Amino acid sequence: MSFLEQIKEADLFDFNRYCSCVTEQDIEATIQKENLTRFDFLNLLSPKALLFLETMAVKATSITRQYFGRTIGVYAPMYISDFCSNQCTYCGFNVKNSFKRKKLSIPEIEKEAQALSDTGIRQVLVLTGEAPEKTPLSYLVKAVEILKQYFASISLEIFPMDTEDYAALRQAGADSLTVFQEVYDRDIYQKVHLSGKKADYRYRLFTPDRGAAAGFRSITIGALFGLGDLVKEAFLSGIHAQFLEKKYPDVEILLSIPRMRKAKGGISPENILSDIRFVQFMLAWRLFMPKVGISISTRESPEFRDRLVSLGATKFSAGSRTDVGGYSSIGEENTAQFEISDNRSVEQVTAMIKQSGYQPVFKDWEII
């Protein structure tokens, strides 16, 4: 069964009714288990599980230390273009938004790489808007070849591509892929993606599969919380990660839990994910999938991120800029894709990680 078929099954399932019937005894029994079923997972996502958050946290911390030790990977995003051909109602890069857009030249990419590398970052996430005509494969290959000189690990968050194009970027030196479905609910997906290639739900859904087939060692997925029903989106994100873990056992699968943030011209969240539900979902993911990586971005406040270090997170962004050329001040007039909440430097974030009793990891992989 493809994952699309599993989504269709979920569309017929009454999540609210199931969650309303979950009992405290169900949740207690779930927490005691070593291997959780999907219904166990849903038990932990239900509102009733908030009563057991401390117990879930203790077990999640133990599991995380068992598989990841006391380590937190540190990375930073680098935006090299904000041109986009999609009309996504929640994004600052929306094609309908009027602002001075920019694409870094190859020399400018090297300048940006040097500035970011000087902060100590060795794992970079390269981002573009989704405009293949502005950032074609040839441009991206050259960009990766330059970045390879400065960073041990290069991850891509760009427009979805065919397997052979991903393979070319893998050959150039990229090793990881990030692609968010944004919202798994198909009806909502069509409402918030009004035009452009991103409106193709099916093509986007199978992007992680194409990335795995191309040889990426690591793939990060997730939903943008604020668009769809919270429990359903958390559930589908989790079972999508589980599906990919089983189908591609040699690929490291990570989940991210971004919440909608203010963006130029963007809509407001339909469903607010509170801090306590954020923690609940993260803990449920850890208990359901002991080996999955969990990435926390600078969308979250410093105080909140500090509390997540010991609760199952495995990767933190640090010193982030979400505008093109932000590290070297090439793009001072540009619009950021969204507003960040944690403006601390790489040095400050790593100091916090150490003070929490964990070891920041800058380099755990390198292309030879």
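The values are calculated or read from the model by the stated rules, or taken from the named source; none is laboratory data. Quick caveat, the model's predicted, so the values are computed rather than measured. Backbone-built Cβ (ideal geometry, glycine too); neighbour counts: all protein chains shown. Accessible surface is based on the protein model in full, side chains and every heavy atom, while ligands, DNA and RNA are left aside. Shrake-Rupley method; radii C 1.70, N 1.55, O 1.52, S 1.80 Å.
Points worth noting:
- Remark: pairs (first residue in the range 49-76, within 17 Å of T314 (Cα to Cα); second residue acidic (D, E) and open to solvent by 30 Å² or more (accessible area, probe 1.4 Å); Cβ separation under 9 Å; 6+ apart in sequence or on different chains) = T71/D364; G73/D364.
- Scanning the range 172-198 for residues that are small (G, A, S) and surrounded by fewer than 16 Cβ atoms within 10 Å (Cβ to Cβ) yields a single hit, S195.
- Selected residue (only one of P258, P290, P269 is surrounded by fewer than 21 Cβ atoms within 10 Å (Cβ to Cβ), touching a strand residue (DSSP E or B) at 6+ places or on another chain (Cβ under 7 Å) and under 22 Å from L308 (Cβ atoms)): P258
- The listed residues are I31, I72, I63, and the only one of them that is on the phi < 0 side of the Ramachandran plot, in contact with a Ser or Thr (Cβ under 9 Å, 6 or more places away or on another chain), β-branched (V, I, T) and in a helix (DSSP H, G or I) turns out to be I31.
- Residue list for the range 31-44, filter: without any contact (Cβ under 8 Å) to a residue 24 or more places away in the chain and under 19 Å from I239 (Cβ atoms): K33, E34, N35, T37, F39, N43
- Qualifying position, being of a type outside the set (D, E), surrounded by 13 or more Cβ atoms within 10 Å (Cβ to Cβ), in contact with a Lys or Arg (Cβ under 6 Å, 6 or more places away or on another chain) and more than 30 Å from K111 (Cβ to Cβ), among F15, F52: F15
- In the range 92-116, the qualifying residues are those that are over 15 Å from A143 (Cα atoms) and of a type in the set (S, T, N, Q), and the one that is most open to solvent (accessible area, probe 1.4 Å) is S98.
- Residue pairs whose Cβ atoms lie under 6 Å apart, separated by 6 or more positions or on different chains, with the first residue in the range 126-145 and under 14 Å from D165 (Cβ atoms) and the second of a type outside the set (A, V, I, L, M, F, W, C) and part of a loop (DSSP other than H, G, I, E, B), are T128/T135; E130/N86; V144/G173.
- Close pairs from the range 273-294: first of a type in the set (S, T, N, Q), partner open to solvent by 40 Å² or more (accessible area, probe 1.4 Å), Cβ under 9 Å, at least 6 apart: Q280/P47; Q280/L50
- Residue check, S138 at pLDDT 95 or above, polar (S, T, N, Q) and out of contact with any Gly (no Cβ under 7 Å at 6 or more places or on another chain): yes
- Contact map, the range 343-354: first residue farther than 17 Å from P77 by Cβ, second residue surrounded by 12 or more Cβ atoms within 10 Å (Cβ to Cβ), Cβ cut-off under 6 Å, separation 6 or more or different chains; pairs are M352/D306; I353/I72; I353/P360.
- Test: residue in the range 352-360 that is open to solvent by less than 50 Å² (accessible area, probe 1.4 Å), in a helix (DSSP H, G or I) and at pLDDT 95 or above: yes
- Wholly within the range 187-267, strands (runs of 3 or more DSSP E) carrying at least 1 residues that are over 25 Å from T314 (Cβ atoms): 193-195
- Failed criterion for F151 (all others in (1) within 19 Å of D82 (Cβ to Cβ); (2) assigned to a loop (DSSP other than H, G, I, E, B); (3) not hydroxyl-bearing (S, T, Y) hold): (1)
- K148 closer than 27 Å to F362 by Cα and surrounded by fewer than 17 Cβ atoms within 10 Å (Cβ to Cβ): no
- Members of the range 117-143 that are within 18 Å of R321 (Cα to Cα) and open to solvent by 50 Å² or more (accessible area, probe 1.4 Å): D118, T119, R122
- Any hit, the range 242-252, residues being open to solvent by less than 40 Å² (accessible area, probe 1.4 Å) and either of a type in the set (S, T, Y) or within 26 Å of K96 (Cβ to Cβ) (or both): no
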